[in-house]
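Participant: To start, I am sharing the structure in question, which I have written as structure tokens.
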Amino acid sequence: MPELAAYADVLGGSVRAANETFELRGQRMRRHVLTTVWRDVPVEVAVALPASVQAVAS
């Protein structure tokens with residue numbers, strides 16, 4: 001998940017992986033969310049990645 005980590009490096013904030021998974025086209029998926037405040041604006045970037053992908057610690 002280097003792309004989401006790159007956003008976190010630029011915007012600051014933290015990336016969290018959801019505990020629950022869901023199925024999409026036969027693959028287990030997990031939601032990952034970058035939450036931050038950028039220039040006084042709350043920002044949330046959410047992506048769905050295969051559940052096997054580990055969360056980025058930031």
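Just so you know, all these numbers are worked out from the coordinates, no wet-lab data involved. Note that the structure is a prediction, hence the values are computed from the model and not measured. Neighbour counts are summed over all protein chains in view; Cβ atoms, including those assigned to glycine, are modelled from backbone coordinates with ideal geometry.
Participant: Short version: ³J(HN,Hα) in whole Hz for each residue of the stretch 20-26, in order, from phi by Karplus 6.51 cos²θ - 1.76 cosθ + 1.60 (θ = phi - 60°), x for Gly and Pro, what are they?
Facilitator: Coupling constants for the stretch 20-26: 8, 10, 9, 9, 9, 6, x Hz.
Participant: Which residue, L11, L34, L24, has the most motion in a Gaussian network model of the chain that connects Cα atoms within less than 10 Å?
Facilitator: The residue with the greatest mean-square fluctuation here is L24.
Participant: Under a Cβ-Cβ cut-off of 12 Å, what is the net charge of the residues other than L34 that fall near it, where Lys and Arg count +1 and Asp and Glu count -1?
Facilitator: Numbers: positive: R16, R31; negative: E3, D9, E44.
Here the charged neighbours net out to -1.
Participant: Across the Cα atoms of the chain, what radius of gyration and what greatest pairwise Cα-Cα distance (Dmax) are found, in Å?
Facilitator: Cα radius of gyration and Dmax of the chain are 12.0, 40 Å respectively.
Participant: Still on this model: Around A17, under 13 Å between beta carbons, what's the net of Lys plus Arg minus Asp minus Glu among the other residues? Write down the numbers at each step before the final one.
Facilitator: Working: positive: R16, R28, R30, R31; negative: E20.
It works out to a net charge of +3.
Participant: Further question on the same structure: Can you tell which of V33, V41, V15 shows the greatest fluctuation in a Gaussian network model of the chain with Cα springs below 10 Å?
Facilitator: Evaluated over the chain, the most mobile residue of the options is V41.
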